[in-house]
Structures are given as C-alpha cells and as structure tokens.
Amino acid sequence: MLRTGIRLLALALCVSAGGDFDWTKNEKTSFYYGTFPTGFSWGVGSSAYQTEGAWNTDGKGMSIWDVFAHKKGKISSNETGDSSCEGYYKFKDDINLMKEMKLSHYRFSVSWPRILPSGLRSEHVNEKGIRYYSDLIDLLLDSKITPVVTLYHWDLPQVLQEKYGGWQNASMVGYFNEFANLCFERFGNRVKLWITFNNPWSISVEGYETGEHAPGLRTRGSGAYKAAHHIIKAHAKVWHTYDMKWRSKQKGLIGISLTADWGEPVDVSNQRDVEAAERYIHFYLGWFATPLFHGDYPAVMKEYIGRKSGQQGLGASRLPVFSPQEKSYVRGTVDFLGLGHYTTRYVTQKNYPSGFGDSYFADRDLAELVDPKWPDPGSEWLYSVPWGFRRLLNFVKTQYGNPMIYVTENGVSEKMLCTDLCDDWRMQYFREYINELLKAVRDGVNVKGYTAWSLLDGFEWDEGFSERFGLYFVDFRNKNKPRFPKASVQFYKRIISSNGFPSQREVESWKRKAVETCSSSNQLLAADPLIGHMEMVTEIVVPTVCTLCILLSAVFFMFLLRRRL
Ligand code: BGC
C-alpha cells in the first residue's frame with residue numbers, strides 16, 4: 001500500500017516537474033562527425049490530401065479539406081488540392097525517385113473518404129480506393145521500402161463533420177476505430193508501422209480554435225480541448241483493438257505522430273521563464289504525450305485551464321477530465337512515438353487577465369519570442385534553430401521514459417517566388433538538424449529513424465502551393481506535374497549512404513557536388529515552360545484556329561452564294 005502510494009507520488013512529481021530534464025544545459029556545440037547506429041531507417045514523408053489529387057475520382061467521398069478548400073477566402077490564392085501533385089496517378093514514378101535515393105521507408109497517409117466515402121464501414125467500402133493503397137504498398141515492398149502508414153492526416157470524411165460535428169463529438173472514436181480496423185484487415189499483412197494521428201495539436205488548435213484549417217471552427221477555449229480529448233481516446237481505442245485482434249498475427253507497432261516546437265526560457269536563470277517554457281511544451285507536446293504515457297493531462301494544463309475556467313464563472317474546467325478507467329485505458333498505448341519537429345521559440349511569462357476571453361493561447365500565460373538572427377528561409381513561422389531539436393529529443397527521453405522514437409517530420413520550406421533548385425538553405429537545415437539528431441542519439445535518446453518532410457512540394461494547407469517543403473520541385477503550372485530534384489536530394493542521398501556524417505573532408509564536399517548537379521536541373525526547369533506552352537498550343541490554340549477556320553469558311557460560302565443570286 002505504502003509502496004503504491006510512493007510510486008503514485010513519484011509519478012505525480014514526474015508528470016508535473018518534467019522528469020529530470022536539465023533546463024540550464026543549453027548546449028550549442030560544434031558539428032559532430034560520426035554515424036548513426038546500424039539499421040537506422042532513412043525515409044521521406046507525404047500525406048494524402050497534400051499530394052494525391054484525384055479528389056473526386058474512382059468513388060472517393062469528400063473530406064473536410066475538399067470542402068474547406070473550395071470555400072472562397074480560406075486558402076491563399078483560393079487554391080485547392082483537387083489535383084495537387086497527381087500522386088494518385090504517379091505513385092510508380094514517385095517510388096522510382098525513392099529507389100534512387102535508397103530510402104529505407106516511406107511515410108504516407110490513407111485518405112479515409114477514399115476508402116470509406118461516407119466515413120462509415122457499414123455503408124460502403126470503396127474497393128478502388130483500397131486497390132490504390134494496396135498497389136502502393138506492394139510496389140514499395142517490391143522496392144525494399146518499408147511503408148509507414150498514417151491513418152489520419154487531417155482529411156475527415158465531410159459527412160462525419162456535417163452529421164456529428166467531427167472531432168468534437170465522441171462518436172468519432174468508434175467510427176475511427178472501424179476505419180482503422182478496415183486498414184488492418186486489408187493492409188496489415190504488409191504494413192508493420194502504423195501512425196494513428198498526425199499532429200493532433202494542429203487538428204485541434206487550427207481546426208477548432210483559430211479556424212485556419214478545416215473544418216474552420218472558432219470555438220475558442222473549448223472546442224480544441226474537446227477535439228483533442230476524443231482524438232486521444234480514439235488513438236487508445238485503436239491501439240487496444242490492434243492489441244487484442246491483430247498484433248499476434250500481424251506483429252506491427254502502433255504509434256502516433258506528435259509535432260512540437262521546442263520552447264527555450266528567455267532567461268534560464270529566471271524560474272518564471274523556465275516554468276513558462278515548461279508550460280509551452282506541456283500545452284504543445286504534453287497535452288497528448290502525457291495522457292498516452294502517464295494516463296492524464298499535464299498537471300500545469302489542469303491547473304491553469306481549471307483556474308481560468310473558474311475565474312470565468314464556469315462550473316467546470318474547459319479541459320475535459322479522464323475518469324479513472326479512462327486513465328488506465330489511455331496510459332501506455334504508444335508502441336513508438338512519432339515526432340515531428342521544425343522550429344523553436346523563446347518563451348517568457350506573460351499574464352493574460354481573466355477578462356481577456358477564453359482561448360487556448362491565453363490559457364498558457366506566456367509570450368513567444370524569436371531571435372532576429374535566426375534564419376527563416378521559408379514559412380514565416382519556421383526559423384532554423386537546430387539545437388532546439390536535440391533539446392526536445394532529450395526532453396522526451398527524460399519525460400516519457402525514453403520511448404522508441406521515429407522522427408516522422410522535419411524539413412524546411414521556401415517561398416513560391418523562388419524556383420531555384422539549388423536549395424542551399426535546405427541542405428544547411430538538414431545538415432544541422434540531422435547533426436543535432438545524431439548528438440541526441442549519442443545522448444542515449446532511442447531514435448530508430450528519420451523522415452525528411454517532404455518528398456514533393458505539395459498543397460501546404462491554408463498556404464496553398466505558396467510554400468514548398470519538397471526535396472523535389474513540382475511544376476504545378478504544368479498539367480503533368482513534373483518533378484525536378486532540388487540539390488537537397490543529392491545532399492540527403494549522401495547522408496543516407498554514409499549513415500550520417502563520416503568526416504569533415506567528405507561532408508564539406510557534399511554541398512559543392514550537390515550544387516554542381518542542380519545547375520543543370522535549373523536549366524531543365526527553365527526550359528519546362530516550353531512544355532507547358534506546347535500543351536497550351538494543343539489545348540487552346542488548335543481549337544481556336546479550327547473554330548476561326550469554320551467561321552471564315554461560312555462567311556466565304558455566304559459571300560459566294562450572295563454573288564450567285
Ligand atoms: C504537417 C504537414 C505540413 C507541415 C508543414 C506538419 O505539421 O503534418 O502536413 O506540411 O507541418 O507545415
């Protein structure tokens with residue numbers, strides 16, 4: 001009894017105090033030459049809505065993103081993912097690109113409405129959709145590339161949003177489990193690494209708090225917490241179903257992909273800043289990771305949201321509560337942790353008075369800052385701060401008992417205006433971030449693989465096609481959506497073939513060599529508008545000329561007739 005009490009106390013302390021993570025140890029050491037452990041897995045990632053296109057083809061149902069993107073004013077330049085990279089038709093070409101890079105794994109997502117158009121298994125299974133993913137998996141395996149399959153990368157069937165209010169409704173837990181089961185049934189003999197959800201923080205905050213993402217709701221201070229609560233339960237249910245029904249036969253692993261920025265205290269000797277940074281991470285990563293590893297929300301979230309809800313005169317906290325049964329149900333449901341990471345913020349304490357209104361952001365009582373010296377080559381939120389990656393990885397190690405980790409996303413974008421294939425800044429980003437990952441592995445963080453985001457330029461959600469994360473440039477103006485390698489393809493290939501960074505001499509030559517190859521690709525790209533122009537000739541000019549000829553002949557014929565009369 002006493003021992004259980006001590007264990008519980010230790011657990012509570014661990015949940016609230018952030019394990020034994022050392023906040024004062026802010027290492028920004030020099031480049032480390034060395035290699036990753038043998039068998040380390042190198043991959044690239046993509047997601048269905050961002051790349052597949054074929055939005056209304058072969059029996060696919062509508063997703064919340066199809067509907068959202070078609071509403072005016074939601075996406076930059078009102079672009080949509082209707083055709084995107086046409087990945088649905090070009091997956092064989094894309095696998096060839098992966099083979100050339102000698103990748104070990106490919107992370108992609110299944111579009112739920114492509115295989116269950118109304119969202120419900122009981123209503124209709126779209127065999128053509130099943131066939132597409134089945135063929136993709138087969139070809140990957142034939143090419144010795146391990147498929148890593150995300151079940152939910154944001155494209156909820158629209159019917160489920162309309163009928164039930166999407167993730168705010170508890171019924172999603174059961175529907176998602178049915179969909180996941182169908183995937184295990186049809187693909188599970190070949191897929192061994194499953195990711196239930198991609199970046200649930202974004203689903204909740206951007207989908208239900210700020211409304212920047214589908215379904216575009218602004219239910220401030222409550223909807224995001226509700227959505228997250230159901231997502232956590234849905235993840236746990238799928239893990240338990242797999243455990244009971246499929247694990248012994250299929251021998252796969254079920255993980256979740258959490259994306260988080262690192263939060264560094266502005267002044268590490270100031271306790272209030274340290275606590276603010278800790279809150280930043282707990283409201284980001286801990287919101288999902290703490291229930292899944294420890295069975296409940298982080299203590300700071302319960303405390304802050306509970307207190308603010310009280311001050312706002314609410315009878316209960318806006319943060320839902322897990323019952324004792326639910327706590328033990330969600331705890332320990334992660335076979336591996338997928339980690340997405342892009343950037344870092346400095347964090348300091350900032351009070352949001354209770355009159356400020358409900359909001360996830362106000363609940364945290366903090367301010368985010370950036371160092372103007374940090375490079376920010378692409379998306380405005382994405383500053384390159386490599387050392388934050390190592391610190392985040394070490395935080396996960398100390399906080400959650402050194403779980404098995406796959407880095408499921410890491411990369412950098414460029415703005416649309418820049419069509420230079422010599423992406424020097426991306427090579428730099430990969431070089432430094434992967435080096436920090438190597439240092440983290442040397443620190444003892446249990447990382448099994450790394451996934452560069454992304455294989456192709458794609459539909460970048462509310463930013464449309466204006467921000468490009470691809471290793472391959474996609475010419476979206478051209479109907480055929482041709483792919484062109486950026487220099488970073490060569491650079492990443494070198495990292496893969498050396499399994500890290502073997503020596504200074506070698507690594508220094510990589511960038512130079514990569515730039516040599518990209519200049520010729522740049523010329524190719526510059527020549528490509530010709531192809532686009534030739535399509536215009538067939539598509540617009542030829543019909544126009546034909547119509548004109550017919551009109552002229554008609555006029556000429558009438559003229560002849562008149563003269564005869
Ligand atoms: C999402 C990706 C997206 C990336 C960059 C990630 O959190 O999962 O789909 O492309 O952020 O914005």
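The table below lists the values:
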read-out: Total residues in the stretch 122-175, condition buried (at least 20 other Cβ atoms within 10 Å of the Cβ) and among the charged types (D, E, K, R); value: 1
read-out: Of residues in the stretch 176-197 being under 19 Å from SER41 (Cβ atoms) and out of contact with any helix residue (DSSP H, G or I) (no Cβ under 7 Å at 6 or more places or on another chain), the one most open to solvent (accessible area, probe 1.4 Å); value: LYS192
read-out: Scope the stretch 415-448; condition assigned to a strand (DSSP E or B) and surrounded by 22 or more Cβ atoms within 10 Å (Cβ to Cβ); matching residues; value: VAL447
read-out: Meets criteria (modelled with pLDDT of 95 or more, in a loop (DSSP other than H, G, I, E, B) and either open to solvent by less than 10 Å² (accessible area, probe 1.4 Å) or β-branched (Val, Ile, Thr) (or both)) for ASN478; value: yes
read-out: Those residues of the stretch 315-343 which are away from the ligand (no atom under 16 Å from the Cβ), buried (at least 17 other Cβ atoms within 10 Å of the Cβ) and of a type in the set (Val, Ile, Thr), in sequence order; value: VAL330, THR333, VAL334
read-out: Close pairs (9 angstrom Cβ cut-off, 6 or more residues apart or separate chains): modelled with pLDDT under 95 in the stretch 403-415, more than 9 Å from the ligand (Cβ to nearest atom) and among the aromatic types (Phe, Trp, Tyr) anywhere; value: GLU414/TRP425
read-out: Failed criterion for VAL110 (all others in (1) surrounded by fewer than 23 Cβ atoms within 10 Å (Cβ to Cβ); (2) under 22 Å from GLY188 (Cα atoms); (3) of a type in the set (Val, Ile, Thr) hold); value: (1)
read-out: Tally, over the stretch 222-263, of residues that are part of a loop (DSSP other than H, G, I, E, B) and open to solvent by 20 Å² or more (accessible area, probe 1.4 Å); value: 2
read-out: Selection count where residues are out of contact with any helix residue (DSSP H, G or I) (no Cβ under 8 Å at 6 or more places or on another chain) and within 16 Å of the ligand (Cβ to nearest atom), scope the stretch 393-424; value: 6
read-out: Matching option when the condition is at pLDDT below 95 and either open to solvent by 30 Å² or more (accessible area, probe 1.4 Å) or away from the ligand (no atom under 16 Å from the Cβ) (or both), among GLY306, GLY295, GLY355; value: GLY355
read-out: Residue within the stretch 363-380 that is more than 16 Å from the ligand (Cβ to nearest atom), of a type in the set (Gly, Ala, Ser), open to solvent by 10 Å² or more (accessible area, probe 1.4 Å) and assigned to a helix (DSSP H, G or I) present; value: no
read-out: All positions within the stretch 235-282 that are in contact with a Lys or Arg (Cβ under 8 Å, 6 or more places away or on another chain) and within 16 Å of the ligand (Cβ to nearest atom); value: ASP261, TRP262
read-out: Selected residue (criterion: nearest to ARG272 (Cα to Cα)) from residues of the stretch 358-393 that are touching a strand residue (DSSP E or B) at 6+ places or on another chain (Cβ under 6 Å) and modelled with pLDDT of 95 or more; value: LEU366
read-out: Failed item, numbered, when ILE203 is tested on (1) out of contact with any Leu (no Cβ under 8 Å at 6 or more places or on another chain); (2) touching a residue at least 60 places away in the same chain (Cβ under 8 Å); (3) within 15 Å of the ligand (Cβ to nearest atom); value: (2)
read-out: Hits in the stretch 129-179 - residues which are over 16 Å from ASN198 (Cα atoms) and among the acidic types (Asp, Glu); value: ASP135, ASP138, ASP142, GLU162, GLU178
read-out: Residue tally, condition of a type in the set (A, V, I, L, M, F, W, C), touching a Lys or Arg at 6+ places or on another chain (Cβ under 9 Å) and open to solvent by 10 Å² or more (accessible area, probe 1.4 Å), over the stretch 381-401; value: 1
read-out: Flag for TYR346 being touching a residue at least 40 places away in the same chain (Cβ under 8 Å), of a type in the set (Phe, Trp, Tyr), surrounded by 14 or more Cβ atoms within 10 Å (Cβ to Cβ) and assigned to a strand (DSSP E or B); value: yes
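Residues checked against (1) over 21 Å from the mean Cα position of the chain (by Cα); (2) away from the ligand (no atom under 16 Å from the Cβ):
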site: ILE137; (1), (2): no, yes
site: ASP155; (1), (2): no, no
site: LYS163; (1), (2): yes, yes
site: ASN169; (1), (2): yes, yes
site: PHE179; (1), (2): no, yes
site: LEU182; (1), (2): yes, yes
site: GLU185; (1), (2): yes, yes
site: LEU193; (1), (2): no, yes
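The values are calculated or read from the model by the stated rules, or taken from the named source; none is laboratory data. Just so it is clear, the model here is predicted, and its values are computed rather than measured. FYI the Cβ positions are ideal-geometry reconstructions off the backbone, even for glycines, and counts take in every protein chain you see. Ligands, DNA and RNA are excluded from the accessible area calculation, which covers all protein heavy atoms including side chains. Shrake-Rupley method; radii C 1.70, N 1.55, O 1.52, S 1.80 Å.
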